Amino acid sequence: MPNRERTGKLPATPISGFLGAGKTTLLNHLIRNAKGERIALIVNDIAEVNIDSTLVSAEARQLDGAIDQVVELSGGCICCSIQDDLAAAISELVQNRQIDRLIIESTGMAEPVSIAQTFFANDIAGRPLEDSACIDSLVTVVDCRFILNEWNAHEKKGEQRSLLRQEDDRPLFELLIEQVECADILVANKTDLLDETEQTEIRGILSGLNDRAEYIATTKGNVPNNQILGRKRFDAKQTFSGANWFRYLETSLDENEPFANLRKIEIPQSTLVQPRLSHAIGEKNGVARLVDTFIYRARKPLDAERFNRVINKSIPGLLRAKGYCWIEGQDDAVGFLSITGSTTRCDFLGNWWAAALEKGKIDRSQIPPEALRKWATPTGDRRQELAFIGINLDGEALKAQIDACLVAP
């Protein structure tokens, strides 16, 4: 049905989640199982290099017609510094009547409320965007192991609390909690890393924060499309006030009961006490001011043993690392590094285009534009291109350590 056109508003599904929760994995699963539904994607990364967009685009190229367009928004967060870019991108996609659905993968630092508010702004022509596009559901992906570890670490501190004034920077973990609280669907990812007791505990924590949201437990982002897309669960009033603490305040008053506002009610502790990132990171670190991105680039291969020592030791403040690497002795293979919390992976995703060209398997006209943009003589597209995201990262020290791992090609 190549000429079929969409009728009505363009439905959009924003996918939020903290760094390393598994948003891109879920997104790739959804597009692989589109089954004829034509999907447009907006992929946002706070780093200068949008690694996630490259991965999604590579996945999309392998499909036949499922992905109509991938829009990359980099260099800022769509919930704040480049929110206007998001509105403009949605406005342009709305005009394509061949698109059935839009999925937005936000940066790990994005606030779902702010993304949703974009749909109530004006489009590029000055008309209300909500007249032509609508939110289907707000989806938040949660790294179960990470949130449970942080929660339990907080609980062990007993009654010790950090008193923050209104003007103080909010803890990063509070952002994660707000992503949970403002969700229509919660995808509890990496449940394979929890035992049965822990799975019960994480479900209790998440429902204690937002029991309005539909809870989906999964591993490796493997969720059927019909559980995520086309659900129509978003309701501005209910979603924005979905946090349990907010609803407790709203429902704790009985207009027919004198002095009802003084009545004692039972509220689970988890809805009142906001956990924070581990004590080593700091208690008052703000999101926008202290989350740093360090991009490492080089055109020499890395010594595997030396590089392994660097990435497997503690890097102060590191939250997430992701990107491409060229390993000595593996000159044909594209290395892909991913660091999340205490987990480090370096996989090989295929071959560099330069290797195929050198072996005569292709000619230069067959090299895709995205590879040519990264091309340099004599290494071709072989390179180090790594994004490190963290709190108060010492980029110069990290650069010096990785530089010491480079060898002559």
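The figures follow:
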| quantity | calculated |
| --- | --- |
| Selected residue (only one of Ile389, Ile402 is in contact (Cβ under 8 Å) with a residue 60 or more places away in the chain and in a helix (DSSP H, G or I)) | Ile402 |
| Flag if Leu163 is at pLDDT 90 or above and surrounded by fewer than 17 Cβ atoms within 10 Å (Cβ to Cβ) | no |
| Looking only at the stretch 354-374, and only at residues there that are over 16 Å from Pro301 (Cβ atoms) and under 28 Å from the mean Cα position of the chain (by Cα), the one that is modelled with the highest pLDDT | Leu372 |
| Count of residues meeting criterion [of a type in the set (A, V, I, L, M, F, W, C), surrounded by fewer than 21 Cβ atoms within 10 Å (Cβ to Cβ) and not in a strand (DSSP E or B)] in the stretch 312-340 | 1 |
| Given (1) touching a Ser or Thr at 6+ places or on another chain (Cβ under 9 Å); (2) assigned to a loop (DSSP other than H, G, I, E, B); (3) modelled with pLDDT of 85 or more, number of the condition Ala34 does not satisfy | (1) |
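Listed here are the residues, each with its yes/no results for (1) crowded, with 22+ Cβ neighbours inside 10 Å; (2) not in a strand (DSSP E or B).
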{"residue": "Leu102", "(1), (2)": "yes, no"}
{"residue": "Gly108", "(1), (2)": "yes, yes"}
{"residue": "Val113", "(1), (2)": "no, yes"}
{"residue": "Gln117", "(1), (2)": "no, yes"}
{"residue": "Gly126", "(1), (2)": "no, yes"}
{"residue": "Cys134", "(1), (2)": "no, no"}
{"residue": "Ser137", "(1), (2)": "yes, yes"}
{"residue": "Arg145", "(1), (2)": "no, yes"}
{"residue": "Leu148", "(1), (2)": "no, yes"}
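The values are calculated or read from the model by the stated rules, or taken from the named source; none is laboratory data. Every value quoted in this text rests on a predicted model; they were computed, and no experiment measured them. Neighbour counts are summed over all protein chains in view; Cβ atoms, including those assigned to glycine, are modelled from backbone coordinates with ideal geometry.
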